[in-house]
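Student: Please read through the structure below; I'll follow up with questions.
Read-outs throughout are calculated quantities, based only on the coordinates presented, and are distinct from any laboratory measurement. Everything quoted here is computed from the prediction, not taken from an experiment. So basically every Cβ, Gly included, is an ideal-geometry build from the backbone, and we count neighbours across all protein chains shown.
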Amino acid sequence: MMGFTVAIDGPAAAGKGTVSRAVARHFGFAHLDTGLLYRAVGAKVLEGMTPEEAAETLQAADLENEDLRSNAVAEAASRAAAIPAVRAALVDFQRSFAMRAGGAVLDGRDIGTVICPDAQVKLFITATPEVRAARRHAELRAKGEDVTLGQVLADVEARDARDSSRAEAPLKPAPDAEEMDTSTMDIDAAVARAIALITLRREA
Ligand code: DC
């Protein structure tokens, strides 16, 4: 059976993860949060490894690390993600995941532009920086991280600026991506819209 790939890109905390998980559940697709790969690299860099070595030696067990969702790891991930050798080391794994039989949804920054330019469905999910920072702040606080909303907003904006301005695979919508602004949409509406779009393309 041919693979069916859904590429979901967008800036930090725009709702990509929630939409991806819901879509994967609805269609029975496998889901890969590619940010987690970069976060695992970032975590190993914080432990003293070089970014290149961390990416080249990445193992499935590195993705189980409890601390991958912290702000410090996100920042280290975004820095490591600007290094071409780091990105190159992660390409094959992502592409073979995308091609698995039964369908796959991958979320990240460069899935529709670089990793899976032939994906059957491409979504670019955004929200205003303020809305995204408020969501991420609530998540971090729920996990007991002691950060202010202002700090989270500054971090999210710095990370987006770095992710969008890097030379290699910058964050940007693919020309054929469907853009969805979730600041004006609740999560159920975003999920319903994504499911409707994928259903159309599957039947095409
Ligand atoms: O999606 P996230 O916030 O967990 O991603 C963490 C960082 O990893 C993000 O700031 C940039 C990088 N990243 C990337 O460069 N390319 C991807 N496909 C996914 C994440």
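Student: Once every DSSP H run of n ≥ 4 in the chain is given -39500 (n - 2.57) and the sum is divided by its residues, what mean residue ellipticity at 222 nm do you get, rounded to the nearest 500 deg cm²/dmol?
Tutor: About -16000 deg cm²/dmol.
Student: Let me ask something additional. Please provide three numbers in whole Å: the alpha-carbon extents of segment 147-196 along the principal axes, with the largest listed first.
Tutor: Each principal axis gives a Cα extent; for segment 147-196 these are 34, 31, 13 Å.
Student: Shifting gears a bit: With the Cα gyration tensor of segment 13-122 in hand, give its eigenvalues times 5 under a square root as the equivalent ellipsoid semi-axes, listed largest first in whole angstrom. Mind dumping the intermediate values first?
Tutor: Values: eigenvalues 112, 46, 30 Å².
Taking √(5λ) for each Cα gyration eigenvalue gives 24, 15, 12 Å.
Student: If each residue of separation counts as 0.36 nm, what is the full-extension length gain between Arg201 and Ser96 once their alpha-carbon separation is subtracted?
Tutor: 35.7 nm
Student: Taking neighbour Cβ counts within 10 Å as the exposure measure, how do Lys172, Lys44 sort from fewest upward? Spell out each step's value before the answer.
Tutor: Details: Lys172 15, Lys44 22.
Going from sparsest to densest Cβ surroundings: Lys172, Lys44.
Student: Check which residues have an amide H placed less than 5 Å from Lys122's amide H, if you skip close sequence neighbours.
Tutor: Ala7, Glu178
Student: So what's the gap between the Cα centers of segment 1-67 and segment 120-196, to the nearest angstrom?
Tutor: 15
Student: Further, regarding this structure: Ranking Val45, Val6 by Cβ neighbours within 10 Å, fewest first, what do you get? Don't skip to the end; give the middle numbers.
Tutor: Working: Val45 21, Val6 30.
Final ranking by Cβ density, sparse to dense: Val45, Val6.
Student: While we're on this one: Could you give each residue of segment 62-69 its phi-based ³J(HN,Hα) in whole Hz, using Karplus coefficients 6.51, -1.76, 1.60 with θ = phi - 60°, and x for Gly or Pro?
Tutor: 5, 7, 8, 3, 5, 8, 5, 8
Student: Label-point separation (nm) for Glu56 and Met185, each offset 7 Å from Cα along Cα-to-Cβ?
Tutor: 4.2
Student: Which lysines, if any, have their Cα less than 22 Å from the Cα of Lys172, not counting same-chain residues under 8 positions apart?
Tutor: Reachable lysines: Lys16, Lys122.
Student: Moving on to the next point. Note down the relative contact order for segment 93-204 as a percent, whole number, built from C-alpha pairs under 8 angstrom at least six residues apart.
Tutor: After rounding, I find 34 percent.
Student: While we're on this one: For Val105, list long-range residues whose amide hydrogen, built 1.01 Å from N in the peptide plane, is under 5 Å from its own amide hydrogen.
Tutor: Val6, Ala30, His31, Leu32
Student: Now for a separate question. Checking a compactness column here: for the chain, what do you get for Rg(Cα) / (2.2 N^0.38 Å), N being the number of residues?
Tutor: Values: Rg = 16.2 Å, N = 204, 2.2 N^0.38 = 16.6 Å.
Normalised by 2.2 N^0.38 Å, the Cα Rg of the chain equals 0.98.
Student: Tally the DSSP beta bridges in the chain and give the antiparallel ones as a percent, rounded to 5.
Tutor: Of those bridges, close to 0 percent are antiparallel.
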